[in-house]
Amino acid sequence: MNKEIIYSMNTAYRGEYEIQGFSYGSGEKTACIVGAMRGNEFQQLYISSLLAKKLSELEARGAIVSGKQILLIPSLNYSSFNVGKKYWITDNSDINRSFPGNPEGPATSRIAAAVMEKVTGYAYGIQFASFYMDGEFIPHVRMIETGRQSNSLANQFGMPYVLTAEPRSYDRATLNYNWQMRGTDAFSVYSGVTDTINGESASQAVSSVLRFLTRMGVIRYNCHAGYISTILDEEDLLSIRSEHAAGFFKKLVQPGDEVVRGDIIANIINPMTGENTTDIYAPTDGIIFYCQNSPMIYQNSVIFKMIRRLHN
């Protein structure tokens, strides 16, 4: 393992700021893996640390295939971790909405430009990403549909689901989108939670990356086959909202649970009286993909997303 300085700059509040990366093996730029970009992505940073340890062990055993190089960048924004902020400390900007970046721009744009330059040219790009909505969700691989995405490659992670999505306006400023536009096969790996640590789903994410690298001929590693991934379009997920009530949110199901139409999947409780004001029902048969984890929900907010069950 070799430590690399990905980017260094002087900041107003913390002096010199460095982004570090670790490279394994040597040769062609084969796989680049990027971890946490926001200060609340504890799970993503934890996964990166587990992967760093595993790749070091594999390199020590000579299990990195000759002529292949892997770069791991665990975090782009550790200063926000240190002060408990989600976004950049000084201006609340988001690094993963700043790509491809501008070397003469504000701090997050300069970071994005430097990272983009460093990671361009890798055959495969993997980001440990956080879901765009707060809550818990089924682990999956997400790809933006740029016309250059590959479902068959995404299946090689062996995750339960591969989620595809048409690019929204803000997606065009993400690492994944810009990686793809520069010729890298890019994937975002989602592991179920963001601002807490879940050891089981973290291990699943690490295994999925090791499985992918094995199947792509980058490392020699024995692992189980994983799942035969189901490919979903993000637009096909059914949103369930708290249409007529707000209050304390008591969920009765978890991501991955199967439900049938008419099942009560949550209660909304009046915060003043403790009365159960509303039952939330499953509108169709299917699987819970995402659920809100806030103790309080507001009227018309999305509290679940479901995968509809297809009937023959």
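Could you list all residues from segment 55-68 that are surrounded by fewer than 18 Cβ atoms within 10 Å (Cβ to Cβ) and within 25 Å of the chain's Cα centre (by Cα)?
Selection gives Ser56, Glu57.
Going residue by residue through segment 268-291, is there one that turns out to be surrounded by fewer than 18 Cβ atoms within 10 Å (Cβ to Cβ) and touching a residue at least 40 places away in the same chain (Cβ under 8 Å)?
Yes, the conditions are met somewhere in segment 268-291.
Can you spot a residue in segment 60-75 that is touching a helix residue (DSSP H, G or I) at 6+ places or on another chain (Cβ under 9 Å) and of a type in the set (S, T, N, Q)?
yes
Kindly list, by first and then second residue, each pair from a residue in segment 239-263 that is more than 18 Å from Asn276 (Cα to Cα) and in contact (Cβ under 8 Å) with a residue 24 or more places away in the chain to a residue that is open to solvent by 60 Å² or more (accessible area, probe 1.4 Å) and assigned to a loop (DSSP other than H, G, I, E, B), limited to pairs with Cβ atoms under 7 Å and residues at least 6 apart or on different chains.
Sorted first by the residue in segment 239-263, then by its partner, the pairs are Ile240/Pro283; Arg261/Pro283.
Being over 20 Å from the mean Cα position of the chain (by Cα), closer than 22 Å to Asp134 by Cβ and in a strand (DSSP E or B) is the filter here; which residues of segment 287-312 pass it?
Ile287, Met296, Ile297
Rundown of residues vs (1) surrounded by fewer than 19 Cβ atoms within 10 Å (Cβ to Cβ); (2) assigned to a loop (DSSP other than H, G, I, E, B); (3) charged (D, E, K, R), yes/no style:
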residue	(1), (2), (3)
Trp179	no, no, no
Thr196	yes, yes, no
Val206	no, no, no
Phe212	no, no, no
Gly217	yes, yes, no
Ala225	yes, yes, no
Ile231	yes, no, no
Gly262	yes, yes, no
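Conditions tested, residue by residue: (1) acidic (Asp, Glu); (2) under 30 Å from Cys223 (Cβ atoms); (3) part of a strand (DSSP E or B); (4) touching a residue at least 60 places away in the same chain (Cβ under 8 Å).
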site: Gln44; (1), (2), (3), (4): no, yes, no, yes
site: Leu50; (1), (2), (3), (4): no, yes, no, yes
site: Phe99; (1), (2), (3), (4): no, no, no, yes
site: Glu104; (1), (2), (3), (4): yes, no, no, no
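Taking Leu71 as the residue in question, decide whether it is under 30 Å from Glu136 (Cα atoms) and open to solvent by less than 10 Å² (accessible area, probe 1.4 Å).
Yes, satisfied.
With Gln43, Gln20 as the choices, which residue is within 21 Å of the chain's Cα centre (by Cα), open to solvent by less than 30 Å² (accessible area, probe 1.4 Å) and not hydroxyl-bearing (Ser, Thr, Tyr)?
From the options Gln43, Gln20, the qualifying one is Gln43.
Going residue by residue through segment 80-92, is there one that turns out to be of a type in the set (A, V, I, L, M), open to solvent by less than 30 Å² (accessible area, probe 1.4 Å) and not in a strand (DSSP E or B)?
Looking for residues that are of a type in the set (A, V, I, L, M), open to solvent by less than 30 Å² (accessible area, probe 1.4 Å) and not in a strand (DSSP E or B), one finds none in segment 80-92, hence no.
For segment 106-129, enumerate the residues that are touching a residue at least 60 places away in the same chain (Cβ under 8 Å), surrounded by 24 or more Cβ atoms within 10 Å (Cβ to Cβ) and polar (S, T, N, Q).
Gln127
The values are calculated or read from the model by the stated rules, or taken from the named source; none is laboratory data. Note that this is a predicted model, so its numbers are computed, not measured. For neighbour counting, all protein chains shown are included, and Cβ atoms are generated from backbone atoms with ideal geometry for every residue, glycine included. Accessible surface is based on the protein model in full, side chains and every heavy atom, while ligands, DNA and RNA are left aside. Shrake-Rupley method; radii C 1.70, N 1.55, O 1.52, S 1.80 Å.
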